[in-house]
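Report on the structure given below.
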Amino acid sequence: MRAATYDSADAQLLTAEVQAEYVRRYGGEGDTAPVDTSEFDGPHGRFFMVYVDDAPAAMGGWRRHEPLAEWDDAEIKRMYVRPAFQRRGLARLILAELERTAVETGVTRLILETGLEQPEAIAMYRSAGYRDIPAFGYYAEAELSVHLGKVLI
């Protein structure tokens with residue numbers, strides 16, 4: 001695992017792949033929530049890439065942005081494991097690092113939005129202690145959205 005920037009070539013490659021997966025599962029244009037790549041830069045965010053034999057295999061990050069910055073919350077965004085690398089524990093590896101680094105910067109709760117058409121993601125987050133929270137953000141009114149959170153400390 002390596003700290004990275006969200007605007008790196010490898011992160012953008014995996015972002016294009018996950019966007020294609022969202023289109024396949026949900027139709028439309030994929031995830032249209034606005035994302036400023038600098039939101040993942042310290043001290044208000046972190047972004048990580050996992051490599052397997054020097055191939056980009058997985059990614060994920062957290063960010064503190066309005067209105068979350070008012071509280072001690074941060075949002076997990078862009079968690080993705082390429083299909084060839086799934087079922088190896090990489091998502092849990094990234095999630096643990098996101099939680100660890102968030103706590104280091106004073107974040108007390110991580111929140112996220114995923115969708116009903118991603119049951120494997122929902123199951124992974126729930127098994128890691130994430131629970132239903134009130135809807136928030138860009139997808140607060142979306143019927144297929146699932147909003148989860150976990151108190152870290």
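Every number here is computed from the coordinates shown, using simple stated rules; none is lab data. If you're wondering where the values come from, they're calculated on a predicted model, not measured in any experiment. Positions of Cβ are backbone-derived with ideal geometry, glycine not excepted, and every protein chain shown enters the neighbour counts.
Contact map, region 50-66: residues that are under 16 Å from Glu17 (Cα atoms) paired with residues that are surrounded by 13 or more Cβ atoms within 10 Å (Cβ to Cβ) and of a type in the set (S, T, N, Q), Cβ distance under 8 Å, separation 6+ or inter-chain. Pairs shown: Met59/Thr15.
Which residues, counting only those in region 96-153, are among the hydroxyl-bearing types (Ser, Thr, Tyr) and either within 26 Å of Met1 (Cβ to Cβ) or buried (at least 17 other Cβ atoms within 10 Å of the Cβ) (or both)? Selection gives Thr101, Thr105, Thr108, Thr114, Tyr125, Ser127, Tyr130, Tyr139.
Screening Arg25 with (1) under 23 Å from Thr101 (Cα atoms); (2) surrounded by fewer than 16 Cβ atoms within 10 Å (Cβ to Cβ) gives one miss only, at (1). Listed conditions (1) within 13 Å of the chain's Cα centre (by Cα); (2) of a type outside the set (Val, Ile, Thr); (3) assigned to a helix (DSSP H, G or I) are all met by Glu113, apart from (3).
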